[in-house]
Amino acid sequence: MKCFKQIGFRIQLIIMICLFSILMVLAVSFLNYHWYSKELTRQTISQTQQIIEQTGSNINVYLDELNRLTLTPYYNDTLLTALENKASSPEKQLEDKRVIEEFLSSAMILPRDEILRVYIMNTEDIYSYTRTPYEMSDYTSYLQSSWYQEALSTTKPIYIPPHFEKAFGDKETPIFSIVRQIRGIQDNKKILGVIKVDADYSGIKKICDRVKLKNHGILLILNDDNQVIYHTKNLQNTNMINTLIQNSYFDNTLIRDDFGNRYIFNEYSISSSGLKIIALNSYEELLAPVKKNLEKTILLAFFCAILIISFFTVFIKRFLNPLSEIIQLMKMVEIGNLTIQATVEREDEIGYLALSFNKMVQNLQKFVQKNTQLV
């Protein structure tokens, strides 16, 4: 502080103006960055939530279509007759099996690419048509399965949550199933059997593939066990999801992994199917343009500071030159030169100061002369 007081008034004034200008520009830049990043994050969260909710709605519509597909047996009287009447001979039994399985292939499998296997089963027999070399996991024990028992007790469709089964090879495929009870037409209380549809996620994948998230966002679908059954191509490592879900630190809608990377986290649950849609947007990538803009603003601030220094150096030098002249004249008065006069070129405060200095020197000269005469 003492050193600052020893600096000339001109330099002090320039330093103060420059510091104030730089601090003001930096304060405005950081406040604008904070406000804009907060607003951008809010808009991204809102828009992403709308996107995944619409995606969930589309998936619900798709699942409803599959539910209605399980009602198609009621539109085929031949099928219902084959299920209702017991075969009287092995030939009749084979004929009924052919009718039922032809229906399953033509009405259920062929129109929909995502349907892998269709079964109609009762306590006496099981009819199936499949696209895969593997049957359902509980093919030989379906009578004891919980979903079969539940289907016998209700007329509503039963949704079996996403699970992994072998379909085309050793690699397990995510499969979901819809089960519905089949009743007789003439006797509505008579249960003819249960229809079960196994489908893969190609239909849901088509819906999700149409979703475009900004800033290379990641879209995922998880089942009840938090297993990833769908993800966009941006996700290179599915293990990261388990890390985020199990070992993450939540800050409102921001989620942080073990490496400190932050993501904007949006989630939407489809209650009817047990699916969760998750959208992850990299917080760093989202704010990257804003940070670049902040860096440019800071560089611009320092460039402006240089211009301000140059401008005020010239301005203050021109403004303070009369004061400097008066200071030099005062030093000459100190050594006894009372004949000097300051140049009065202005009518402002500095002009008034120069005029007063001249009067002071004149009065001091008269006083000295008078004292000399008295002596």
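The values are calculated or read from the model by the stated rules, or taken from the named source; none is laboratory data. Note that this is a predicted model, so its numbers are computed, not measured. Every residue, glycine as well, gets a Cβ built from its backbone with ideal geometry; the counts of neighbours run over all protein chains shown. These accessible areas exclude ligands, DNA and RNA; they are computed on the full protein's heavy atoms, side chains included. Shrake-Rupley method; radii C 1.70, N 1.55, O 1.52, S 1.80 Å.
Can you compute the modelled spin-label distance between Ile335 and Leu299, with each label point 7 Å from Cα toward Cβ, in nm?
5.3
Which angle from 0 to 90°, rounded to the nearest 10, does the C-alpha axis of helix 283-334 make with the longest principal axis of the chain?
Relative to the chain, helix 283-334 is tipped by roughly 0 degrees.
By how many degrees, 0 to 90 and rounded to 10, does the Cα axis of helix 90-103 deviate from the longest principal axis of the chain?
Computed tilt is about 20 degrees.
Give the separation of the Cα centroids, region 59-77 to region 139-160, in Å.
With region 59-77 and region 139-160 each reduced to a Cα centre, they are spaced 17 Å.
In the chain, with Lys and Arg counted as +1 and Asp and Glu as -1 at Cβ, which of these residues, Ala82, Ile11, Ile255, has the Cα nearest the positive end of the dipole, that is, farthest along it?
Ile11
Take every Cα pair under 8 Å in the chain that's 6+ residues apart, average their separations, divide by the length, and report that relative contact order as a whole percent.
16
Which of Gln362, Gln149, Gln181 moves the most in a Gaussian network model of the chain with Cα springs under 10 Å?
Gln362
Considering only protein heavy atoms, what per residue accessible area in square angstrom results for the chain with a 1.4 angstrom probe?
61
Once you place label points 7 Å from the Cα toward the Cβ at Ser88 and Glu65, how far apart are they in nm?
So the two model labels end up 4.4 nm from each other.
Helix-only mean residue ellipticity at 222 nm, the chain, DSSP H runs n ≥ 4 weighted -39,500 (n - 2.57), per residue, nearest 500. What is it?
After summing the helix terms and dividing by residue count, I get -17500 deg cm²/dmol.
Quote the charge dipole size of the chain about the Cα centre in Debye, to the nearest 20; the model charges only the Cβ of Lys and Arg (+1) and of Asp and Glu (-1).
It works out to roughly 2500 debye.
From the cross-link list Lys156/Lys196; Lys38/Lys276; Lys156/Lys276; Lys206/Lys276, which pairs have alpha carbons spaced over 19 Å apart?
Lys38/Lys276; Lys156/Lys276
How about region 1-110: which trypsin sites (Lys or Arg not before Pro) there lie in a loop by DSSP and see at most 14 other Cβ atoms within 10 Å?
Those that pass, being in a loop and sparsely packed, are Lys86.
Would you kindly work out the equivalent ellipsoid of the chain from its C-alpha gyration tensor and give its semi-axes, the square roots of five times the eigenvalues, largest first in whole Å?
For the chain, the ellipsoid semi-axes come out as 94, 16, 14 Å.
Within the set Lys166/Lys214; Lys171/Lys205; Lys166/Lys190; Lys171/Lys214; Lys97/Lys189; Lys214/Lys296, which residue pairs have Cα atoms separated by over 27 Å?
Flagged as over cut-off: Lys166/Lys214; Lys166/Lys190; Lys171/Lys214.
In degrees between 0 and 90, to the nearest 10, how far off the longest principal axis of the chain does helix 349-374 point, with axes built from Cα atoms?
Helix 349-374 sits roughly 20 degrees off the main axis of the chain.
Output ³J(HN,Hα) for region 24-34: one whole-Hz value per residue in order, computed from phi by the Karplus curve 6.51 cos²θ - 1.76 cosθ + 1.60 with θ = phi - 60°, and x for Gly and Pro.
5, 5, 5, 4, 5, 5, 5, 5, 5, 4, 4
Less than 15 Å from a label point 7 Å out along the Cα-to-Cβ axis of Phe311: which backbone N atoms in region 25-42 qualify, by residue?
Residues 25 qualify, since their backbone N sits under 15 Å from the label point.
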